[in-house]
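**Student:** Quick one: the structure is below, and I'll ask about it shortly.
The values are calculated or read from the model by the stated rules, or taken from the named source; none is laboratory data. Keep in mind that this is a model prediction, so the values were computed, not measured. Ideal geometry is used to build each Cβ from the backbone, glycine not excepted, and the neighbour counts take in all protein chains shown. Surface areas here come from the heavy atoms of the whole protein model, side chains and all, with no ligands, DNA or RNA. Shrake-Rupley method; radii C 1.70, N 1.55, O 1.52, S 1.80 Å.
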Amino acid sequence: MGRPALEVADIFRTFGPAWRESQRGHLSLAQLKVMSAIEQCRSAALGGHVLRCEGCGADQVSYNSCRNRHCPKCQSTAAKRWLDARQADLLPVEYYHVVFTLPAPIADIAYQNKARLYGLLFDMAAEVLQTIAADPKHLGARIGATLVLHTWGSALTHHPHVHGIVPGGGLAPDGKTWIACRPGFFLPVRVLSRLFRRRFLEELLRLHRAGLLEFFGEHAALADARAFIAWLAPMRKCEWVVYAKRPFAGPEAVLAYLSRYTHRVAISNSRLLAMDERGVSFRWKDYRDKGRTRYKTMTLTPQEFMRRFLLHVLPGGFHRIRHYGMLANGSRKASLALARDLLQAEPPRREATGNAAEASPRPTFVCSHCGHAMAVLRILQRSVAIRGPPPS
């Protein structure tokens, strides 16, 4: 696949230096690092390799990737490795897709308290799923869930929500049977939504009383306890969006979905259309438009595009993919082995290859012309470190 005509890196390289200077003191160190990484990704600044194809003899230069998790060009390899590991976790049951979304007012203060409130979003979504599933009135089983955080809408606005991939059933409390969901139905969405709203607001109030939330700008007054309680009141009455989609069409569909969602960034290079005197144009999906024109074009100034993109930089060390219940890292192996035993199912096996050559690892560098392996002739040293902030 060839290089896209326009990349996020092009926008940052062209307009980033001036905008960085104008925003001095307003951009976090994490945002500055992301900008630098994306600007330098797969360029001479990070070094690389001079390569020669063992098939056609062509010479190529391959520059190193920044490997930043917010970079649109560096996610496919990471996603492939993650998916290879997840393939062994699949069970021969229906899988469901559920989504938990924060209301816009809560999302506003979540932006000012990313680590705590994104973490709370994860934990409350997982708690609600497990609580309702454990209730004998609904399923009466111990389930597992893989949750993935997305913080953006299609127009790059701040829209934090978690996508959950959940097996359609779970282990009985005594661990002796597998309890399956009704075909095509996981858990009641209205019940999930109401419990999610109640538990999130309870924990949010607890964090406020403990002095663990910060408020800035128009929300500064919410630091006062009475003002915060009054502000929360409407949140207890509005509907919180939780929805469940139809079950996936088999384990392969689960993996295909995960490959699109787990390592996605705020916008892919393929959605960019133009960078000209009008600004930066890109495709977006208007979910409120139920007609045939849901896919539209939006044009933003380069400065606004960069601002929106950087809204979605996560705190350092924050995990955006988490596993809960019987899929939790500490118990996943034993829980899945028990589930397969109860389902009388064999663990997924990778397809056997026909000969030793096919079974050998894929070469690190592959010729873009003929597909043969490429040998490294020379290593190009990096010229700039990207881990620090730009020079002042």
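**Student:** Could you tell me whether region 295-302 includes any residue that is farther than 30 Å from Lys114 by Cα and either hydrophobic (A, V, I, L, M, F, W, C) or at pLDDT 90 or above (or both)?
**Tutor:** No: zero hits.
**Student:** Among the residues of region 249-267, how many are basic (Lys, Arg) and at pLDDT 75 or above? Walk me through how you get there before you give the answer.
**Tutor:** Our first condition is that a residue be basic (Lys, Arg); within region 249-267, this holds for 260, 264.
Filter once more, so that each one left must be at pLDDT 75 or above: 264.
Looking only at that region, the number is 1.
**Student:** Filter region 12-56 down to residues that are outside any helix (DSSP H, G or I) and either touching a strand residue (DSSP E or B) at 6+ places or on another chain (Cβ under 6 Å) or among the aliphatic types (A, V, I, L, M) (or both), then give me how many there are.
**Tutor:** Initial filter on region 12-56 (outside any helix (DSSP H, G or I)): 23-28, 41-43, 47-56.
Retained after the next criterion (residues that are either touching a strand residue (DSSP E or B) at 6+ places or on another chain (Cβ under 6 Å) or among the aliphatic types (A, V, I, L, M) (or both)): 27, 42-43, 47-54.
The qualifying residues number 11.
**Student:** Among the residues of region 284-310, count how many are outside any loop (DSSP other than H, G, I, E, B), under 16 Å from Phe12 (Cβ atoms) and open to solvent by 60 Å² or more (accessible area, probe 1.4 Å). Let's see the steps before the verdict.
**Tutor:** Of region 284-310, the ones outside any loop (DSSP other than H, G, I, E, B) are 284-285, 295-300, 302-310.
Next, from what is left, pick out any that are under 16 Å from Phe12 (Cβ atoms): 300, 302-310.
Within this subset, residues satisfying the condition of being open to solvent by 60 Å² or more (accessible area, probe 1.4 Å) are 303, 307.
Number satisfying all stated conditions: 2.
**Student:** Tell me, yes or no, whether region 210-217 has at least one residue that is in a helix (DSSP H, G or I), in contact (Cβ under 8 Å) with a residue 60 or more places away in the chain and either within 24 Å of Gly164 (Cα to Cα) or open to solvent by less than 80 Å² (accessible area, probe 1.4 Å) (or both). Give the derivation first.
**Tutor:** Residues of region 210-217 in a helix (DSSP H, G or I): 217.
Okay, now just the ones that are also in contact (Cβ under 8 Å) with a residue 60 or more places away in the chain, so none.
Looking for residues that are in a helix (DSSP H, G or I), in contact (Cβ under 8 Å) with a residue 60 or more places away in the chain and either within 24 Å of Gly164 (Cα to Cα) or open to solvent by less than 80 Å² (accessible area, probe 1.4 Å) (or both), one finds none in region 210-217, hence no.
**Student:** Select from region 87-105 the residues that are more than 20 Å from Phe186 (Cβ to Cβ) and within 20 Å of the chain's Cα centre (by Cα) and write down the one among them that is surrounded by the fewest Cβ atoms within 10 Å (Cβ to Cβ).
**Tutor:** Just the residues of region 87-105 that are more than 20 Å from Phe186 (Cβ to Cβ), to begin with: 87-88, 102-105.
Filter once more, so that each one left must be within 20 Å of the chain's Cα centre (by Cα): 87, 102-104.
On the way: Gln87: 16, Leu102: 26, Pro103: 15, Ala104: 11.
Among residues in region 87-105 that are more than 20 Å from Phe186 (Cβ to Cβ) and within 20 Å of the chain's Cα centre (by Cα), the one surrounded by the fewest Cβ atoms within 10 Å (Cβ to Cβ) is Ala104.
**Student:** Answer with yes or no whether Ala115 is under 21 Å from Pro247 (Cβ atoms), at pLDDT 95 or above and open to solvent by 30 Å² or more (accessible area, probe 1.4 Å).
**Tutor:** Values: under 21 Å from Pro247 (Cβ atoms): no; at pLDDT 95 or above: yes; open to solvent by 30 Å² or more (accessible area, probe 1.4 Å): yes.
In short, no.
To keep it simple, each residue is scored yes or no on (1) modelled with pLDDT of 50 or more; (2) surrounded by 13 or more Cβ atoms within 10 Å (Cβ to Cβ); (3) part of a loop (DSSP other than H, G, I, E, B); (4) among the basic types (Lys, Arg).
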position: Pro361; (1), (2), (3), (4): yes, no, yes, no
position: Arg378; (1), (2), (3), (4): yes, no, no, yes
position: Ala385; (1), (2), (3), (4): yes, no, yes, no
position: Pro389; (1), (2), (3), (4): no, yes, yes, no
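**Student:** May I pose another question? Report yes if some residue within region 266-283 is in contact (Cβ under 8 Å) with a residue 60 or more places away in the chain, within 26 Å of Phe186 (Cα to Cα) and not in a loop (DSSP other than H, G, I, E, B); otherwise report no.
**Tutor:** Within region 266-283 (the criterion being in contact (Cβ under 8 Å) with a residue 60 or more places away in the chain, within 26 Å of Phe186 (Cα to Cα) and not in a loop (DSSP other than H, G, I, E, B)), the answer is no, since none of the residues qualifies.
**Student:** Do any residues in region 39-53 that are closer than 11 Å to Arg13 by Cβ have Cβ atoms under 8 Å from those of residues that are among the aromatic types (Phe, Trp, Tyr) and in a strand (DSSP E or B), where the two are at least six apart or on different chains, and which pairs are they?
**Tutor:** Ser43/Tyr63
**Student:** Pull out all pairs, ordered by first then second residue, where Cβ-Cβ is under 9 Å, the residues are six or more apart or on different chains, the first lies in region 317-341 and is within 21 Å of Ala125 (Cβ to Cβ), and the second is hydroxyl-bearing (Ser, Thr, Tyr) and part of a helix (DSSP H, G or I).
**Tutor:** Partner pairs satisfying both residue conditions: Phe318/Tyr118; Arg320/Tyr118; Gly325/Ser335; Met326/Ser335; Leu327/Ser335; Ala328/Ser335.
**Student:** Oh, and also: Which strands (runs of 3 or more DSSP E) does region 153-206 wholly contain that include 1 or more residues that are within 22 Å of the chain's Cα centre (by Cα)?
**Tutor:** 158-167
**Student:** Which residue pairs have Cβ atoms under 6 Å apart, sit 6 or more places apart or on different chains, and have a first residue in region 167-184 that is open to solvent by less than 50 Å² (accessible area, probe 1.4 Å) and a second that is among the charged types (D, E, K, R)?
**Tutor:** Short answer, once both residue conditions are applied: Gly168/Glu94; Gly170/Arg142; Leu171/Arg142.
**Student:** Another question about this same structure. Just give me the residues in region 121-139 being in a helix (DSSP H, G or I), farther than 22 Å from Pro160 by Cβ and open to solvent by 10 Å² or more (accessible area, probe 1.4 Å), in sequence order. Working first, answer last.
**Tutor:** Keep residues of region 121-139 that are in a helix (DSSP H, G or I), which gives 121-134.
Filter again for farther than 22 Å from Pro160 by Cβ, leaving 133-134.
Across region 121-139, the qualifying residue is only Ala134.
**Student:** Looking at Ala5, Ala9 in this structure, which one is farther than 30 Å from Cys238 by Cβ and in a helix (DSSP H, G or I)?
**Tutor:** Working: Ala5 fails: in a helix (DSSP H, G or I).
Unique residue meeting the criteria: Ala9.
**Student:** Please enumerate the residues belonging to region 248-265 that are closer than 23 Å to Leu121 by Cβ, open to solvent by 70 Å² or more (accessible area, probe 1.4 Å) and either touching a Cys at 6+ places or on another chain (Cβ under 9 Å) or not in a helix (DSSP H, G or I) (or both).
**Tutor:** Listed by number, the list holds a single entry, Arg264.
**Student:** A further question follows. What are the residues in region 57-109 that are without any contact (Cβ under 8 Å) to a residue 40 or more places away in the chain, of a type in the set (D, E, K, R) and part of a loop (DSSP other than H, G, I, E, B), if any?
**Tutor:** Arg67
**Student:** Can I ask one more? Of the conditions (1) crowded, with 16+ Cβ neighbours inside 10 Å; (2) within 26 Å of the chain's Cα centre (by Cα); (3) modelled with pLDDT of 85 or more, Arg52 fails just one. Which one is it?
**Tutor:** With (1) crowded, with 16+ Cβ neighbours inside 10 Å; (2) within 26 Å of the chain's Cα centre (by Cα); (3) modelled with pLDDT of 85 or more applied to Arg52, the lone miss is (2).
**Student:** Still on this structure, I have one more. If you take the residues in region 192-209 that are touching a Phe, Trp or Tyr at 6+ places or on another chain (Cβ under 7 Å) and open to solvent by less than 30 Å² (accessible area, probe 1.4 Å), which one is farthest from Ile106 (Cα to Cα)? Steps first, please.
**Tutor:** Initial filter on region 192-209 (touching a Phe, Trp or Tyr at 6+ places or on another chain (Cβ under 7 Å)): 193, 196-197, 208.
Filter again for open to solvent by less than 30 Å² (accessible area, probe 1.4 Å), leaving 193, 196, 208.
Working: Ser193: 15, Phe196: 13, His208: 13 Å.
So, considering only residues that are touching a Phe, Trp or Tyr at 6+ places or on another chain (Cβ under 7 Å) and open to solvent by less than 30 Å² (accessible area, probe 1.4 Å), the one farthest from Ile106 (Cα to Cα) is Ser193.
**Student:** Something else: Among the residues of region 226-247, write down those that are modelled with pLDDT under 90 and either over 29 Å from Ala145 (Cβ atoms) or crowded, with 19+ Cβ neighbours inside 10 Å (or both).
**Tutor:** Within region 226-247, Pro247 is the sole residue that qualifies.
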